[in-house]
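A.B. asks: Input: one structure, supplied below.
Values quoted throughout were computed directly from the atomic coordinates according to the rules given, and no laboratory measurement underlies them. Since the model is a prediction, treat every value here as computed from it, not as a measurement. Here Cβ is always computed from backbone atoms with ideal geometry, including for glycine, and neighbour counts include all displayed protein chains.
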Protein chains: 2
Amino acid sequence: MTTELSTASLRRLPRYLRLLVQLLDEGHHFVTSAELARRLAMDESLVRRDLALTHFSGKPRVGFAVEALKTHLEDLLGLGTLKPAILIGAGRLGQALTAYRGFTEYGLRICGIFDIDPEKIGREVHGMTVQPLWTAPALVREGRIQVAILAVPAEAAQEVADLLADAGVPAFWNFSGHPLHLPAPVIVLNEDLSDSLAVLSFRLTHERASAACPGDAHDDAAPMA
Amino acid sequence: MTTELSTASLRRLPRYLRLLVQLLDEGHHFVTSAELARRLAMDESLVRRDLALTHFSGKPRVGFAVEALKTHLEDLLGLGTLKPAILIGAGRLGQALTAYRGFTEYGLRICGIFDIDPEKIGREVHGMTVQPLWTAPALVREGRIQVAILAVPAEAAQEVADLLADAGVPAFWNFSGHPLHLPAPVIVLNEDLSDSLAVLSFRLTHERASAACPGDAHDDAAPMA
DNA sequence: TAGATTGTTAATCGATTAACAATC
DNA sequence: TAGATTGTTAATCGATTAACAATC
């Protein structure tokens, strides 16, 4: 088994994890790939393949041990320890992201928020004081910051990222809408709500007409992984 | 040309759009697929293919008319008119989303925010008063609501969606983390930040070790489209 | 044992990339 | 015309699905 865990597979792991927690809650100790597939509305082959790629084995005739698989996935995803992160940009999006508690559930702890705008510096945002951007590199060097979340305007994104990458930030989660280019070992994840919004807007504009006519059935609904 | 615009292509259109605005700003009237590709760090064949699928024609030897293409894409994506939307769930995530101004840029206007929790009803969230959830269906029936943005807990998502779909909401943007099942013509877009977060956390946990050793070069950085 | 379920290989599907003929 | 760029077809790549042999 030399096959690598693809990004597509990786993105599905949190879904399994959530379902496993629920199954534990319901008192199940074992679950089959067929059951997992049914509840996640996906193909059971894909479930088995995904889980095999994580090197977790099920038992023929029984299925997968719920508790053990949950622990296994948490370990694999590195969710055990909270990773220190900083947030750059205290604008609307930045404040919005600070408020999102899901970060903590998935391994991130925001321990600093920065901006370049003197208007914003010194303000309180969800219990943290906004600091001047130029102080961020020092914190990075001391504090073992592992992730920088970028919520800056698109024009500023690359410059800020370069600055922080120089200071040693190993991973970026980029919400600026400007795709980042950073040298090799740096991890970059570009997030863009407007990508999805475009799909929604397009389908609303173009599918509604035919949707009014019964007999012209569409199915599916979920976006790409 | 019977080929359909795939979801993958659709998701790239906003990127072209953003770049076109920038190019206009820089005073360009025409742009080649090679230039678009270079600035978006993608393959030029893919650019041509995507644009061809939108039924916009370039001129050999010249390229694509920037202004016309911009208008064309905006029309195609239905960004001309703001679509009335409601937000369900005034918790942390809900408040975060209300603050996100990007919605307006991409065709959505939030014109109501609802919750089931008496604690939250009546509060002000970014200039709007949180209303009781049971009043939402009436607004949907009157107001031509086109999108419901779900920021409710995973457990409540399906129930709320059923309620609103019954009232006639044609499209759902679902941030609850619970994949929705809704009958055929209803459009569902499941959004899940923890999918991305999992990728980030995994790569931080597993790539860092080898990243420290030079000679073991990784490239690439962007996630799947 | 018979039967159910896993793990894995082969077949299919879809999306990206490369090549090139058509166009101006 | 020669040359550059589009539009489209063919080749490649990767991910999903189907099939089935191995396992208990």
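A.B. asks: Say R0 is 41 Å: what FRET efficiency, to the nearest 0.05, do B:F30 and A:R92 get from their beta-carbon distance?
C.D. replies: Values: r = 35 Å, r/R0 = 0.85.
Approximately 0.70, to the nearest 0.05.
A.B. asks: Extending each Cα 7 Å along its Cβ direction at B:A184 and B:E67, get the distance between those two points in nm, one decimal.
C.D. replies: Between B:A184 and B:E67, the label points sit 4.5 nm apart.
A.B. asks: Another one. Taking a ≥ b ≥ c as the square roots of the Cα gyration tensor eigenvalues, with a/c under 1.5 meaning rounded and otherwise prolate when a/b beats b/c, else oblate, which class fits segment B:7-76? Let's see the in-between values first.
C.D. replies: On the way: a/c = 1.26, a/b = 1.16, b/c = 1.08.
Verdict is rounded for segment B:7-76.
A.B. asks: Counting Lys +1, Arg +1, Asp -1, Glu -1, what net charge surrounds A:M128 among other residues with beta carbon under 13 Å of its beta carbon? Don't skip to the answer; put the middle values down first.
C.D. replies: Working: positive: A:R109, A:K120, A:R123; negative: A:D115, A:E124.
Net local charge, A:M128 excluded: +1.
A.B. asks: From the phi of every residue in segment A:5-17, what ³J(HN,Hα) in whole Hz does the Karplus formula 6.51 cos²θ - 1.76 cosθ + 1.60 yield, where θ is phi - 60° and glycine or proline is x?
C.D. replies: Listing the rounded values in order: 6, 7, 4, 4, 5, 3, 5, 8, 4, x, 5, 4, 4 Hz.
A.B. asks: Can you give me the angle between helix B:154-167 and the longest principal axis of chain B, using Cα atoms only, in degrees from 0 to 90, rounded to the nearest 10?
C.D. replies: It is inclined by approximately 80 degrees.
A.B. asks: Also: Mind listing the label-point distances from B:E74 to the same position on all other copies, shortest first, one decimal in nm, points 7 Å along Cα→Cβ?
C.D. replies: Copy-to-copy label distances for B:E74: 5.0 nm.
A.B. asks: When Cβ neighbours within 10 Å are restricted to other protein chains, what is their mean count per residue of peptide A:88-98?
C.D. replies: On the way: counts 0, 0, 0, 2, 7, 5, 1, 4, 9, 4, 2.
That average works out to 3.
A.B. asks: Which residue in B is nearest the B/A rotation axis when you measure from the C-beta atom, and what is the distance in Å?
C.D. replies: In residue-and-Å form, the answer is B:A96, 2.
A.B. asks: Helix B:193-211 sits at what angle to the longest principal axis of chain B, using alpha carbons and giving 0 to 90 degrees rounded to 10?
C.D. replies: 50 degrees
A.B. asks: Further question: List the residues, sorted by chain then number, that are 5 or more residues from B:D115 or on another chain and whose placed amide H is less than 5 Å from its amide H.
C.D. replies: B:G89, B:Q131, B:L133
A.B. asks: With the crude spin-label approximation of a point 7 Å out along Cα→Cβ, what separation in nm comes out for B:A138 versus A:A8?
C.D. replies: Placing both labels 7 Å beyond Cα along the Cβ direction yields 4.8 nm.
A.B. asks: Further question: Which distance in Å, rounded to a whole number, links the C-alpha centroids of segment B:176-206 and segment B:132-153?
C.D. replies: 22 Å
A.B. asks: Please work out whether chain B counts as rounded, prolate or oblate from its C-alpha gyration tensor, where a ≥ b ≥ c are the square roots of the eigenvalues and a/c under 1.5 means rounded, while otherwise a/b larger than b/c means prolate and anything else oblate? Mind showing how you got there, number by number?
C.D. replies: On the way: a/c = 2.24, a/b = 1.41, b/c = 1.58.
Oblate shape, in that a/c is at least 1.5 and b/c is the bigger or equal ratio.
A.B. asks: Taking each label point as 7 Å beyond Cα in the direction of the beta carbon, state the distances from A:E142 to the same residue in the other copies, shortest first, in nm.
C.D. replies: 5.6
A.B. asks: Still on this structure, I have one more. Decide, for segment B:83-194, between rounded, prolate and oblate: order the square roots of the alpha carbon gyration tensor eigenvalues as a ≥ b ≥ c, take rounded if a/c falls under 1.5, and otherwise choose prolate if a/b is larger than b/c, else oblate. Don't skip to the end; give the middle numbers.
C.D. replies: Details: a/c = 1.21, a/b = 1.19, b/c = 1.02.
Since a/c stays below 1.5, the shape of segment B:83-194 is classed as rounded.
A.B. asks: Another question about this same structure. Take peptides B:56-64, A:131-139, B:166-174 and line them up by average Cβ neighbours within 10 Å, highest first, as a rough protection proxy. Walk me through the intermediate numbers first.
C.D. replies: Values: B:56-64: 13.6, A:131-139: 15.6, B:166-174: 20.6.
Ranked from most to least packed, the peptides come out as B:166-174, A:131-139, B:56-64.
A.B. asks: Give the angle, between 0 and 90 degrees and rounded to the nearest 10, that separates the Cα long axis of helix A:66-77 from the longest principal axis of the Cα atoms of chain A.
C.D. replies: Once rounded, one gets 30 degrees.
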